[in-house]
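Take a look at the structure below.
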Amino acid sequence: MTTSRAMTAVLSVGETRRPVLGHAALAVLGVVCIFPIYWLYATSFRAPEDIYSLSPFPWPLSGANYATAFQVLDIGGLLLNTTVMAVGIALGQLLTGLLAGYAFAAWEFRGKQLLYLVFVATWLVPFQVTMIPNYALLSQLGVLNTIAGVVLPSLCSALGVILLRQHMQGFPTELLEAARLDGRGSWATLWTVVVPNLRPALAALGILLFVNAWNEYFWPALVLQRSNAVLQLGLRSFMGSEGNDWGPMMATAGMACLPVLLLYLVLQKQIVNGFVRSGLK
Amino acid sequence: MLATLAPHEAPPIVDATAVRSPRPRRVGALVPYLYLLPGLALLAVWVYRPLTQTFQISFVSWNLLPTSPARPVGLANYERLFTLPDFGSALGRTAVLILGLLPFTIVVPVVVGLLARRVRGRAATVYQGLVFAPLLVAPVAGAAVWQWLLDPRSGAVNQILGTTVNWLQEPGPAQLAIIVITGWHVLGFAVLVVAAGLAGITDDYAEAAALDGATRGQITRWITLPMLSPTLVFLLLMTVLLAAQWSFPLIDTLTHGGPAGATTNVYYLLWDYGFHSFDAGLGAAAGVIFFLGFGVIAGGLVWLSEKVSIHDN
């Protein structure tokens, strides 16, 4: 109790008209949060002989670490594989979510609540609980160590279904009704009326799913144990317990983050809103 | 008490859905099921089938090789699990991890959120952009840069602090490092969730209370925080359910559960049983226990969140 009193006393100071403390708190937090990312890129651009330098600005700039990374790893191939994986997963989840969301938003049918629960409940089943049977099935299908093996089990996500259902419930019924009176079937209505009108929402959700898929670690680590065919796993080859080659390691890490961070630079608001409204998986 | 004055509007963590209106009904009765089919089929194959199989495997002894037969052993895996010291200690370490993350997912975000309530405009966007960025860093890339920062000889952390701690090779520091790195990843997200929650609280009650002579401290304690409670329960739920998942990539790349098992939490233990010891039965039994345990905890927290919402109404 006393601690909460003390805390609220401190807090109240900030709620003045000119929120100096607020700016200070956010600025400190911002610097703390961004520093490791800055340090990652700063190290990656240092000349190899300056790697251990603690000067805040890398100078002279050097691309040597990137050159080494490209020699050691097939960065182009890894980037391509990672992109194929993330795009495949995002598109799959978008499509299954679109179809299921359409069913939930446009019809009343028996078992609707129960079936919705079937989708939502998957949120409670962590990968680690289902990994052994799934690994065995992928092995039977002969897709271990392939990108397909990573994509297949991830083609449907509760997140996609839940968010698209919400978007479609806000969709004006008159438009659906008009399309029906036009004699269009539900399939044609979905693609000619619903999808074009939901384009911004679909794009925002697609980016969210892409970012999630790009940063997914557990499943690729399991399925691609031998081939290490995506960037995050390739990066691990620099991470021994002894004798790390920090420069190329930071260069590779920088490239593994770059596509998502670039997207973030352009679409900060959409990405932040997407995560804050939907939560994390 | 002032709290009774405060009708509550839940913060928009999830889109408020539009009021449902009647939909066309006379389409063939099977049609909606056909649209659900792809998603349901995928979930059946990749979530519910393996979940049932995990239950089955938890009663057999099997080394994961397709050629070797699985031998039924009844409850032996569960008995073994509860007698092994690993299990209890992994649970304990998961609790430590969750408690250690609460400052990052609740305490700091609430303090900063309250301090920064009146920070608006372009400055706010810039701060947001900075604090949120770590969430978007690929986990292995985050692990890589922290391994570099924490390097005992030349890492920035030891040099700045003037210490010589071997962060990832000693049990205590390694646990702390995993908590801090995980916290760094999710802190900005939590800050923005709290900010969104605070933005959803109307100023009317605070103003009314201020007119009645309430101090700022009283307003924060008895109006703002209670109205924020659904957001806080949401963050608590995420922390409890996902802490072990968030830290998994870091543990797998930085410490491999060590040193001496000091960073082995429940999910890392499952991974270890399944794919290092190749003891599928034991791994499955542990998976079943964790799944049920977390299910109960999640149910409890959802119940709690409904209770706080009603209480504030």
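Using the alpha-carbon positions of region B:66-190, Rg (one decimal) and Dmax (whole number) come out as 20.6, 65 Å. Computed log10 I(q)/I(0) for the protein assembly as shown at 0.08 Å⁻¹: -0.61, from the Debye equation with unit scatterers placed on every C-alpha and solvent omitted.
Put simply, region B:94-312 fits an ellipsoid with semi-axes of 36, 24, 13 Å; these come from the alpha carbon gyration tensor as the roots of five times its eigenvalues, largest first.
The GNM of chain A, with springs linking C-alpha atoms under 10 angstrom apart, assigns the highest mean-square fluctuation among A:G254, A:G22, A:G160 to A:G22. Rounded to the nearest 0.05, the FRET efficiency derived from the C-beta distance between B:R80 and B:H256 at R0 = 35 Å is 0.95. Amide H to amide H distances under 5 Å link B:S61 with B:R71, B:V73, where only residues 5 or more positions off or on other chains count and H is placed in the peptide plane. Overall, the protein assembly as shown carries a charge dipole of about 1140 debye about its Cα centre when +1 sits on the Cβ of Lys and Arg and -1 on the Cβ of Asp and Glu, all other atoms neutral. Between the listed residues A:T83, A:W214, A:G170, the Cα displaced farthest toward the positive end of the dipole of chain A, a dipole computed from Cβ unit charges relative to the Cα centre, is found at A:G170. For the protein assembly as shown, the share of accessible area belonging to carbon and sulfur comes to 66 percent (1.4 Å probe, ligands and nucleic acids excluded). Extent along the principal axes, Cα only, for region A:38-167: 69, 37, 24 Å, with the longest axis given first. D by Stokes-Einstein for region B:223-310, Kirkwood Rh over Cα pairs, 4 °C, 1.567 mPa s: 88 µm²/s.
Zone of B:E170 (label point 7 Å along Cα→Cβ, backbone N under 16 Å): which residues in region B:229-267? In region B:229-267, the label zone of B:E170 (backbone N under 16 Å from the point 7 Å along Cα→Cβ) covers B:259-260, B:262-263.
Note on A:W191/A:Q140: beta-carbon distance plugged into 1/(1 + (r/R0)^6) with R0 of 35 Å gives a FRET efficiency of 0.50.
Counted over region A:130-197 with a bin width of 10 Å, the fraction of Cα pairs per bin, in whole percents, is 17, 30, 20, 21, 13, 0. Which trypsin sites (Lys or Arg not before Pro) from region A:28-133 combine a DSSP loop assignment with at most 14 other Cβ atoms within 10 Å? Of the trypsin sites (Lys or Arg not before Pro), the ones in loops of region A:28-133 whose Cβ has at most 14 other Cβ atoms within 10 Å are A:R110. Based on every Cα atom in chain A, Rg and the maximum pairwise Cα distance Dmax equal 23.8, 73 Å. Build a GNM of chain A with springs between Cα atoms under 10 Å apart, and of A:L91, A:L267, A:L26 the one that fluctuates most is A:L26. How many angstrom separate the Cα center of region B:197-260 from the Cα center of region B:165-191? Distance between centres, Cα-based: 20 Å.
The residue among B:P50, B:L135, B:A70 whose Cα reaches farthest toward the positive pole of the charge dipole of chain B, with charges on the beta-carbon of Lys, Arg, Asp and Glu, is B:P50. Its Cα centre serving as origin, region B:94-312 has a Cβ charge dipole (Lys and Arg +1, Asp and Glu -1) of approximately 500 debye.
The values are calculated or read from the model by the stated rules, or taken from the named source; none is laboratory data. None of these values were measured; they are calculated from a predicted model. Cβ: placed from backbone, ideal geometry, glycine included. Neighbour counts: every protein chain shown. Surface areas here come from the heavy atoms of the whole protein model, side chains and all, with no ligands, DNA or RNA. Shrake-Rupley method; radii C 1.70, N 1.55, O 1.52, S 1.80 Å.
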